[in-house]
Amino acid sequence: MRNLPHFPTRADLLVAVYADEVAEWHASIRATASGLLRRAQDAGAVRPGVTVTDLPARAGGAALTGTDVAHARRLTALVRSGLEAGG
């Protein structure tokens, strides 16, 4: 009998099955976000030094640690204000 890999969640299974498509999607999102971030930094709306990989990590952390919708929104607002130039 073959050992089949274990996937803790359906999302893990989908990522494994559609790995190429997921990689393309992530590359597309990163490229789009990079352009938007660069324009925001050039306009002085986002502080220099913020990277495109900072954004989902910060937003994801707020979403995952929020105890309810209001708390997640508050955390997201704090993250957003921390990204602002002069913030």
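Quick note: the coordinates plus some simple rules give every number you see, no bench work behind them. If you're wondering where the values come from, they're calculated on a predicted model, not measured in any experiment. Cβ sites come from the backbone with ideal geometry, for glycine too, and all protein chains shown count toward neighbours.
Across the range 1-43, the residues whose backbone nitrogen lies under 17 Å from the label position 7 Å along the beta-carbon direction of A85 are 35-43. Amide H contacts under 5 Å for V46: Q41, A85, restricted to partners 5 or more places along the chain or on a different chain, H placed in the peptide plane at 1.01 Å from N.
About the Cα centre of the chain, what is the dipole size in debye to 20, counting +1 per Lys and Arg Cβ and -1 per Asp and Glu Cβ, all else neutral? Don't jump to the answer; show the numbers that get you there.
On the way: 10 positive and 8 negative charges, 47 e Å.
The calculation lands at about 220 debye.
Just going by the charge dipole of the chain, with Lys and Arg at +1 and Asp and Glu at -1 on Cβ, which of V17, S81, S28 is farthest out on the positive end? Of the listed residues, the answer is S81. Only Cα sites of the range 10-83 enter the Debye sum here, all with the same form factor; the resulting log10 I(q)/I(0) across q = 0.15, 0.20, 0.25, 0.26 1/Å is -0.67, -0.95, -1.06, -1.08, listed in q order.
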